[in-house]
Structures are given as C-alpha cells and as structure tokens.
Amino acid sequence: MRVLILGGDGYLGWPTAMALSAKGHDVFVVDNYLRRNIALKTRSEALMPNPNLHERAEIWKALSGYSISVEIADCSDYRVLSQVFREFQPDTVIHYAEQPSAPYSMISFDTARETLNNNLNVTFNVIWAVLKHCPDCHIIKLGTMGEYGTPNIDIEEGWLEIEHKSRRDTFLYPRQAGSLYHTTKVLDTDLLWFYVRTYGLKATDLMQGPVYGLSTDECEQDERLLPNFHYDDIFGTVVNRFLVQAAANVPLTVYGKGGQTRGYLNLKDTLQCVELAMNNPIEHGELRILNQFTEQFTVSELAEKVKQAGNQVGLNVQIDSIKNPRKEAEAHYYNAHHSGLIELGLKPHYMSEEVLVQMLEQVNKYKYKIDSQKIMPRVRW
Ligand code: USQ
C-alpha cells in the first residue's frame, strides 16, 4: 500500500513508519517538527537524542534496505498538504500530526490557540485533500480515550444507542474532555463524522489511551532509531515518567488521590492497532471508532507496579502523592469497552513485571541524562 504518515517524526509516527516500511509498504512521512520546537521552547527535550527525520530515514535505509520518503512541511498549510496528496496518491493516510500535550494546551491563550489551530486545521486539510485528490483513501486518525472523559456509565466503543420517549437512535458517545488538547480531538471527531456521512469518506478513529514504552522491534536495531522518549511534565505520559523517576531516585509523582483510571497500551500495540485498522478496510460512508488500549489501571496501581519492578532491580522506589495540577476526577467509575481491535486480531503486550523491569533497565542506560528539573509539574489548570 501507499501509506502517508502525517506527524512522522513523533513518538508514534516514526516507529509506525519503520514498521510499515519493513512490511513492504511504500511509506511517505511528513512533519514540521512542531513537537521538537515546543520541546526546545519549554525545556522538555526527550531523554535520548533523536536524529532528524532525514537522518533517521538514512540510518533505517542503511540498516534494513527499506526506504522512507521524508518531507519537512506543515500539514496545517492546505496548499502543501494538497500537493502531497495529489502527487503521492495514498491508499491510507495515518494522521498523527497534532499537538499532543494536554498540559501544553493549558499554559496560556497562545498555546491553546496554537493547539486549536494546528489540530483542527490539519484534520480539516486532510479531509479536503482526500475529497479532492483520492476519495478512496482510508483516513486513520489518532483520537484519544480522553474524548469520553470519565462518565459514570460504561464507555462504549464510539457510539451509544439511546432510547428517548420510546424511540431509539444511535449517536456518537457523549464526549466531555478534560483539557483543550483533548477537546480538539472531540472537535476532530465531529468534523470527520460530518464529512464521512455527507460525502462518503472512509475513516477510522482510534481512541487511544496513554502509551508507554521505549522501543519496538525496528527501533531496537540501532539506538539512533529510538522513538522520542519524554519524561517531562509536558510530553511525558505517566508510565514513562514513573520509570524515569524510579531510575532517578525521585519519588513517583502521583497526582492527587491517584484513583484516576485510564486505559493503557504498549507502544508495540499501537503499531499493531494501526496496522490492523489499515489491513481491515471499511466501506465508503463509514466512521469506524475503536477504543485503543489493552488494560485499565488507576495511577496508584501503576505507581505500585513500577515500585515492585524497581525492587527487582535493586531500586528503592518511593511514591509521593502531590497536589493534582489538573482538574480531573481522582476517584471515579471507569469501565471502557475495547473489543473491536481484539476482534480484528490484536495480540496485546501486557504490562507485566518483566516488561517493566526491561524498560527500567533500558532507562537506566540513560540515567546520566535525566534532568530532574523536568519532572515536577509546571502547568496547572
Ligand atoms: N498523572 C499522574 N502523575 C504524573 C503524570 C500523570 O498522576 O506524573 C496522571 C494524570 O493526572 C492523568 C493520568 O496520569 O490522570 C494520565 O496522564 P498522562 O499525562 O499520561 O496522559 P494525558 O495527559 O491524559 O495524555 C496522554 C497523551 C495524549 C493522549 C492521552 C490518552 O499525551 O496524547 O491522548 O494520553 S488519555 O489519557 O486516555 O486521554
């Protein structure tokens, strides 16, 4: 397949590009280094150095023989994106090109505006470029479980059947996000759904929970190919942060009561999920929504797991409950359904002690690079 990956420099984008090129697909990645630039501005650089996209593509080609085409361009500029679609004619577009940090979106008017503009403009441009140049192209978009929030009822897979005054209909499951970033994803979903039902596009919206992990099969071959692994308060997701905190002997930063429950998945499973979505096509006019995570934990359970894994490698991990910098429920009902991807063939890599120990050992190799200034939360809302 001809696969276009937007946001190909990211934590998910780069490993996806290598994994799909290794399967023989013709892969083209576009990125404007938005995350790299924000990381530099906010002192949130990744733990390991990441060569730029051109360099990574060259290293990958030398190692594997597979080519990845690279363009450094801004997907929020329609003229640029339109040209890429017109020339490359993708069978599938994987849209990761969003500002992905909830805390960054909550710093100020400017960062909120930047997040809103970037995320909605890119989604809108993707929709129009597909409509104009390749209406058969399957749009695979990364949504987030955070779109649903933490409702006091079960979270269904995208849709909810409602009975009202003895009549029934099916609607998008209600959404109530907890940050401006997550809200842009809600708006993305609405945009996609409008264009899918009106113009017959084909789209899969993957509602992903927080991802953890340092490497994938392809990344393991050369450390210069590792994904950009963040542990700061802006781009670091909770499990990755806890692993680095454990290695650095900093007490794990559980926000508030620690009863916040989310659905988690290993980076290796993100790649599987995206590939499964791609290899299982859908009809024109269908918006397929899949909840993309493999297991649910509270933040306190995660901290306990990292502590146990730390004991195995001789670390004395402490857990600290600190004032929650976010407005979110700290003890709540959470039961999210996620059978769609399993039915498509997902084989989960669960968060076993062995997996956590392996990750701690990997992090430990870069312990000398950990900057403990980047650990405590700097953004509050
Ligand atoms: N948390 C802590 N301590 C920390 C960091 C986080 O207790 O040091 C808590 C947060 O308060 C939250 C939970 O852990 O309750 C998850 O936080 P996170 O920072 O790992 O994830 P979040 O900000 O929600 O965003 C991440 C990704 C985002 C993706 C989302 C999926 O950055 O792109 O959309 O996970 S979800 O959380 O399901 O919305």
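The values are calculated or read from the model by the stated rules, or taken from the named source; none is laboratory data. Quantities reported herein were computed from a predicted structural model and do not represent experimental measurements. As a convention, Cβ positions derive from the backbone with ideal geometry for all residues, glycine included, and neighbour counts pool all protein chains shown. The protein model used for the area step is the full one, side chains on, heavy atoms only, and it has no ligands, DNA or RNA in it. Shrake-Rupley method; radii C 1.70, N 1.55, O 1.52, S 1.80 Å.
Values for this structure:
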{"item": "Mean Cβ count within 10 Å, highest first, over the residues of peptides 330-343, 158-171", "result": "330-343, 158-171"}
{"item": "Anchor K61: aspartates and glutamates whose Cα lies under 18 Å away (excluding residues fewer than 8 positions away in-chain)", "result": "D9, D26, E71, D217, E218, E220, D222, E223"}
{"item": "Computed magnitude of the charge dipole of the chain (debye, nearest 20; Cβ of K, R +1, Cβ of D, E -1)", "result": "860 debye"}
{"item": "Within the chain, helix-based [θ] at 222 nm, where runs of 4 or more DSSP H residues each add -39,500 (n - 2.57), nearest 500", "result": "-12000 deg cm²/dmol"}
{"item": "At 0.890 mPa s and 25 °C, Stokes D of region 13-78 from Kirkwood alpha-carbon radius, µm² per second", "result": "189 µm²/s"}
{"item": "Peptide ranges 220-228, 183-191 listed from the most packed, as the mean C-beta count within 10 angstrom indicates", "result": "183-191, 220-228"}
{"item": "Percentage, to the nearest whole number, of Cα pairs in the chain over 34 Å apart", "result": "23 percent"}
{"item": "Bins of 5 Å, starting at 0 and running to the largest distance - Cα pair percent for region 231-381", "result": "2, 9, 16, 19, 17, 15, 11, 7, 3, 1, 0"}
{"item": "FRET efficiency, 1/(1 + (r/R0)^6) with R0 30 Å, evaluated for N37 and A62 via beta carbons", "result": "0.65"}
{"item": "Per-residue HN-Hα couplings for region 100-110 [Karplus 6.51, -1.76, 1.60; θ = phi - 60°; Hz; x = Gly/Pro]", "result": "x, 9, 5, x, 4, 5, 10, 6, 7, 4, 5"}
{"item": "Hypothetical label at Y350: residues of region 250-294 whose amide nitrogen lies under 13 Å (7 Å Cα-Cβ projection)", "result": "294"}
{"item": "Free-standing Cys residues across the chain, given no other cysteine C-beta under 4.7 angstrom", "result": "C75, C219, C273"}
{"item": "I68 accessible area, 1.4 Å probe, all protein chains in place, Å² to nearest 10", "result": "20 Å²"}
{"item": "Accessible carbon and sulfur surface of the chain relative to its total accessible area, %, 1.4 Å", "result": "49 percent"}
{"item": "Considering only the chain, percent of DSSP beta bridges that pair antiparallel, nearest 5", "result": "20 percent"}
{"item": "With DNA, RNA and ligands ignored, accessible area of M207 (1.4 Å probe; Å², nearest 10)", "result": "0 Å²"}
{"item": "Calculated FRET value between N249 and R167, using beta carbons and R₀ = 56 Å, to 0.05", "result": "0.40"}
{"item": "Length-normalised contact order of the chain in % [C-alpha pairs under 8 Å, at least 6 apart]", "result": "20 percent"}
{"item": "Relative compactness, region 271-337, computed as alpha-carbon Rg over 2.2 N^0.38 Å", "result": "1.70"}
{"item": "Extreme residue, positive dipole direction of region 114-176, given options V122, I162, L172 (C-beta unit charges)", "result": "V122"}
{"item": "20 Å Cα-Cα reach of K347 towards lysines, excluding residues that sit fewer than 8 places from it in its own chain", "result": "K23, K268"}
{"item": "Integer Hz, Karplus 6.51/-1.76/1.60 couplings in order for region 327-332, x for Gly and Pro", "result": "8, 7, 5, 9, 8, 7"}
{"item": "Region 145-245: Cα Rg divided by the 2.2 N^0.38 Å rule of thumb", "result": "1.43"}
{"item": "Protection proxy ranking of 54-65, 236-247 - average other beta-carbon atoms within 10 Å, highest first", "result": "236-247, 54-65"}
{"item": "Charge dipole magnitude, Cβ of K and R +1, D and E -1 - region 1-57, Cα centre, debye nearest 20", "result": "120 debye"}
{"item": "Rounded, prolate or oblate (a/c below 1.5 giving rounded, otherwise prolate when a/b exceeds b/c) for region 1-154 by Cα gyration tensor", "result": "oblate"}
